[in-house]
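The values are calculated or read from the model by the stated rules, or taken from the named source; none is laboratory data. Predicted model only: the values in this text are computed from it and were never measured. Because the Cβ atoms are built from the backbone with ideal geometry, glycine has one as well, and the counts that use them run over all protein chains shown.
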Amino acid sequence: MKDCKPTEKGGIYYEFRRNTRSVKSTILHFQLRNLVWATSKHDIYLVSHYSIRHWSALSGVDTELINVQGHVAPREKHAGSLLEGFYQTQVSTLTVKDNLLVAGGFQGELICKHLDQEGISFCCRTTYDDNAITNAVEIFNTSSGAVHFMASNNDSGVRYYDMERFQLFKHFQFEWPVNVGFFGFLAISVTLMFYIWIFLLVLLLQACFVES
């Protein structure tokens, strides 16, 4: 077990190197997650209104990667890709890893882009369910080294895609909507109720400390 060092009152344990207000993220609802990504000490990816952007802390340069306010359509042809694309996509979640970016939308949209290439690589609708919001997306490497990503939606489905050919690899259906995370070779699925119970537990503990 890693040793913990004691802290001292008034001690300095971190410092901010730079502060800027010129780059602002937009989070439409407090339950949305992963709309700001840091892939290194100086590379920040974020959603700002209808724009997916990259900001460099080294150069201070803010670059638009995808504008989803208008028409977004793939430049590559893959089976299952929605060639007509989307209009005015509201981004609900985001993931960035190894020059790959995947954005999920409120209507079950998935938008995939290689950061070292021009244009969009793949677009699809995971579901046409009335409750189709994309809760989470995650890029990961399989045991064979292949790059996959998974998406969880409020239609209670979790879908795995092969990022080389952008093909649906597996589809898991649950009895309830889940959020998904990938740790090593283990995929973790939790329900919204899990977060609600944790939130209520925190409130209860706070109330106990106040009373004591």
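Here are the numbers for the structure shown:
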quantity: Among (1) surrounded by 14 or more Cβ atoms within 10 Å (Cβ to Cβ); (2) part of a loop (DSSP other than H, G, I, E, B); (3) charged (D, E, K, R), the one test that Arg53 misses; calculated: (2)
quantity: Inter-residue pairs, beta-carbon under 9 Å, first closer than 28 Å to Leu94 by Cβ and at pLDDT below 80 and in region 4-32, second surrounded by 10 or more Cβ atoms within 10 Å (Cβ to Cβ) and among the polar types (S, T, N, Q), 6+ apart; calculated: His29/Ser92; Gln31/Asn135
quantity: Lone unmet requirement of (1) within 30 Å of His42 (Cβ to Cβ); (2) exposed (fewer than 12 other Cβ atoms within 10 Å of the Cβ) for Leu83; calculated: (1)
quantity: Failed condition for Trp55, given (1) of a type outside the set (Lys, Arg); (2) over 19 Å from Val137 (Cα atoms); (3) in contact with a Leu (Cβ under 6 Å, 6 or more places away or on another chain); calculated: (3)
quantity: Any chance Leu65 is over 23 Å from Asn179 (Cα atoms), surrounded by 10 or more Cβ atoms within 10 Å (Cβ to Cβ), at pLDDT 95 or above and in contact with a Lys or Arg (Cβ under 7 Å, 6 or more places away or on another chain); calculated: yes
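To keep it simple, each residue is scored yes or no on (1) at pLDDT 85 or above; (2) touching a strand residue (DSSP E or B) at 6+ places or on another chain (Cβ under 8 Å); (3) closer than 15 Å to Cys124 by Cα.
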position: Thr142; (1), (2), (3): no, yes, no
position: Ala146; (1), (2), (3): yes, yes, no
position: Asn154; (1), (2), (3): yes, yes, no
position: Phe172; (1), (2), (3): yes, yes, no
position: Val178; (1), (2), (3): no, yes, no
position: Gly184; (1), (2), (3): no, no, no
position: Met193; (1), (2), (3): no, no, no
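Matching residues to (1) small (Gly, Ala, Ser); (2) in a strand (DSSP E or B); (3) buried (at least 17 other Cβ atoms within 10 Å of the Cβ); (4) within 14 Å of the chain's Cα centre (by Cα):
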| position | (1), (2), (3), (4) |
| --- | --- |
| Ala103 | yes, yes, yes, yes |
| Leu110 | no, yes, yes, yes |
| Gln117 | no, no, no, no |
| Tyr128 | no, no, no, no |
| Ala132 | yes, no, yes, no |
